[in-house]
1. Among strands (runs of 3 or more DSSP E) lying entirely in region 4-112, which contain 1 or more residues that are modelled with pLDDT of 90 or more and buried (at least 16 other Cβ atoms within 10 Å of the Cβ)?
2. Of all residues in region 53-98 being in contact with a helix residue (DSSP H, G or I) (Cβ under 9 Å, 6 or more places away or on another chain) and touching a residue at least 40 places away in the same chain (Cβ under 8 Å), which is nearest to residue 110 (Cα to Cα)?
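The values are calculated or read from the model by the stated rules, or taken from the named source; none is laboratory data. Everything numeric here is computed off the predicted structure, so don't read it as measured data. No Cβ is skipped: glycine too gets one built from the backbone with ideal geometry, and neighbour counts run over all protein chains shown.
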């Protein structure tokens with residue numbers, strides 16, 4: 001996946017997760033604030049949803065907590081996301097994290 005596509009996808013995920021644009025947000029420096037116990041600030045290029053399970057699994061968990069949604073991650077590098085029994089998408093990838101990331105991005109675009 002191209003760098004610009006990854007950054008745009010990470011931005012979509014950050015917004016889905018409720019991260020807010022920083023006080024001095026600009027297109028040149030589009031940083032988001034993630035609230036946990038402290039405020040962390042990230043630009044999409046520094047977000048790790050596409051490479052870290054620690055970043056991606058909270059997104060999967062949020063999807064699973066939405067009414068009518070469930071996520072199936074198979075052992076064959078396939079991820080399926082259902083919304084009220086309807087298959088919203090099924091994505092594969094070269095790695096398991098890539099297939100889950102791709103499915104999550106598609107779901108966020110669908111759910112938006």
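1. Values: elements: 32-35, 39-42, 69-73, 78-83, 86-92.
Once the strands (runs of 3 or more DSSP E) in region 4-112 are filtered for at least 1 residues that are modelled with pLDDT of 90 or more and buried (at least 16 other Cβ atoms within 10 Å of the Cβ), what remains is 69-73, 78-83, 86-92.
2. 63
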